[in-house]
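Q: To start, I am sharing the structure in question, which I have written as structure tokens.
FYI, it's all coordinate maths here, none of it is from the lab. Computed from a predicted model, the values in this text were never measured in an experiment. As a convention, Cβ positions derive from the backbone with ideal geometry for all residues, glycine included, and neighbour counts pool all protein chains shown.
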Amino acid sequence: MNKKKLVFSGVQPTGNLHLGNYLGALKNFVKLQDEAECIYCVVDLHAITVFQDPSDLKNNILETTAGFLATGLDYKKSIIFNQSSVSGHAELGWILNCVSKVGWLNRMTQFKDKVGKDKEKASVGLYIYPNLMAADILLYKSTHVPVGADQKQHLELCRDIAQKFNADFKKNLFPIPEPLIQKEMSRVMSLRDGMAKMSKSDESNYSRIDLKDSADEIIKKVKKAKSDSSSIPDNLKVLSEKPEALNLINIYTSLSDRSFDQTINEFKGKDYSHLKNKLSELLVEVICPVGKEIKKLLEDKSFLEKILREGTEKAKVIAERNLKEIKNVVGFF
Ligand code: TRP
């Protein structure tokens with residue numbers, strides 16, 4: 001059994017990275033680099049569970065890679081690669097399809113929320129996507145998985161699959177991976193609707209801050225963000241009834257590496273316009289350099305492709321070794 005801490009996480013290359021990706025995932029990825037062996041994957045196999053235009057997909061894979069590097073991931077410290085280049089993900093995915101249960105997948109709320117009444121028209125891939133996610137994690141015998149709160153249920157499924165595999169084959173092959181979910185900022189919400197997640201698929205540009213936004217765009221979006229007409233309260237209970245206002249406080253807290261209490265102490269009794277000014281300043285300071293770096297990196301696509309190729313070679317070494325062991329345990333030659 002793997003004793004060392006091994007971190008794995010994945011980001012889907014389906015469009016512009018935004019503040020939710022940064023605070024909910026990337027910022028945490030960067031911190032973990034110094035504590036553990038880390039593998040960060042651009043999950044292109046997951047992306048095609050919903051149709052992607054092939055040339056857009058290629059661009060988005062490189063853009064997500066650029067986002068990884070621009071937020072501070074170091075390809076010398078961490079393994080950065082794209083999922084489809086390591087065939088072990090799909091192979092283990094199939095094996096785990098045969099371990100996981102239809103009943104387990106039927107409970108996945110993300111699938112139900114995504115397809116709504118159109119279940120019959122959803123791709124089979126979208127339905128079994130959590131099994132592939134489990135394969136991503138278990139292929140490397142990962143021990144820790146940093147994810148946003150929306151992925152918690154998928155990670156629990158991965159733990160169930162790992163346990164069932166170990167029990168079925170009477171072998172302690174897979175460590176049971178632990179979720180790493182940030183308490184302060186597990187969910188960044190839309191700037192227009194505090195009950196909806198900040199999302200790249202939201203029609204309104206004003207709902208999210210993209211990492212490539214200019215300073216002017218950031219300032220405009222924060223100004224237009226929904227908040228509240230009364231002044232900022234001094235406790236979470238009152239704030240919780242105003243989800244848009246709470247979201248702004250949470251974003252400020254996470255971005256400035258403060259605690260919730262510190263932020264509240266700084267802003268209680270003041271108007272939201274004051275918080276918005278401070279938040280805009282901080283966003284411009286933190287996000288604009290990242291956006292500029294993404295744009296710069298995208299000017300040299302061959303460099304980004306080279307990073308992915310090198311990461312793929314490193315990932316393959318671990319994946320092939322583990323897959324050999326897994327296949328043997330399952331009973332394949
Ligand atoms: N399902 C994740 C998401 O949509 C992405 C993902 C795929 C992932 N494989 C993973 C995250 C493995 C963590 C570990 O955000």
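Q: Considering the alpha-carbon set of region 1-126 alone, what are its Rg and its Dmax in angstrom?
A: In Å, with Rg to one decimal and Dmax whole: 16.0, 46.
Q: Still on this structure: How long is the gain from Lys306 to Ser231 if the chain were fully straight, where each residue apart is worth 0.36 nm and the alpha carbon distance is subtracted?
A: Taking 0.36 nm per residue and subtracting the Cα distance, the gain is 21.9 nm.
Q: Hey, with R₀ at 30 Å, roughly what FRET efficiency would Leu282 and Asn59 work out to, going by the Cβ-Cβ distance, to 0.05? Write out the running numbers ahead of the final one.
A: Numbers: r = 30 Å, r/R0 = 0.98.
Once rounded, the FRET efficiency stands at 0.50.
Q: For the chain, give the magnitude of the charge dipole about the Cα centre (Cβ charges: +1 Lys/Arg, -1 Asp/Glu; no others), in debye to the nearest 20.
A: Values: 51 positive and 44 negative charges, 135 e Å.
Its charge dipole is roughly 640 debye.
Q: Measuring from label point to label point, each 7 Å out along Cα→Cβ, what is the Lys101 to Gln153 span in nm?
A: Simple spin-label model gives 1.7 nm for this pair.
Q: How large is ³J(HN,Hα) for each residue in region 203-208, as worked out from phi by the Karplus curve 6.51 cos²θ - 1.76 cosθ + 1.60 (θ = phi - 60°), to whole Hz, x for Gly and Pro?
A: Result, ordered by residue: 5, 7, 4, 6, 7, 9 Hz.
Q: Pairs Lys221/Lys295; Lys31/Lys268; Lys112/Lys324; Lys4/Lys197; Lys141/Lys301: which are spaced more than 23 Å apart, C-alpha to C-alpha?
A: On the way: Lys221/Lys295 21 Å; Lys31/Lys268 30 Å; Lys112/Lys324 35 Å; Lys4/Lys197 34 Å; Lys141/Lys301 31 Å.
Check vs 23 Å cut-off fails for Lys31/Lys268; Lys112/Lys324; Lys4/Lys197; Lys141/Lys301.
Q: Let me ask something additional. Short version: ³J(HN,Hα) in whole Hz for each residue of region 5-22, in order, from phi by Karplus 6.51 cos²θ - 1.76 cosθ + 1.60 (θ = phi - 60°), x for Gly and Pro, what are they?
A: Ordered by residue, 3J(HN,Hα) equals 6, 10, 9, 10, 8, x, 10, 7, x, 10, x, 4, 6, 10, 4, x, 5, 5 Hz.
Q: According to a simple spin-label model (label point 7 Å from Cα along Cα-to-Cβ), what is the distance in nm between Phe333 and Phe51?
A: Placing both labels 7 Å along Cα→Cβ, they lie 4.2 nm apart.
Q: Can you list the HN-Hα couplings for region 280-296, worked out from phi with the Karplus curve (6.51, -1.76, 1.60; θ = phi - 60°), rounded to whole Hz and with x for Gly and Pro?
A: Coupling constants for region 280-296: 4, 4, 5, 5, 4, 5, 8, 7, 4, x, 5, x, 4, 5, 4, 4, 5 Hz.
Q: Name the long-range amide H neighbours of Ser190: under 5 Å, sequence gap of 5 or more, or other chain; modelled H, no Pro or chain starts.
A: Hits under the 5 Å cutoff: Ala196, Lys197, Met198.
Q: Follow-up question, since we're still on this one. Amide H neighbours of Glu178 under 5 Å, at least 5 residues apart or on other chains, H built in the peptide plane: list them.
A: His144, Val145
Q: Here's another thing I want to ask about it. Mind giving me the nanometre distance, one decimal, between the label points for Asn172 and Glu217, set 7 Å out from Cα along Cα→Cβ?
A: It is 5.1 nm.
Q: Let me ask you something else. Relative to the present Cα-Cα distance, how much length would full extension add between Arg258 and Lys76 at 0.36 nm per residue of separation?
A: 62.6 nm
Q: Further question: Given R₀ = 56 Å, FRET efficiency for Lys268-Glu91 by Cβ-Cβ distance, to 0.05?
A: E between Lys268 and Glu91, to the nearest 0.05, is 0.55.
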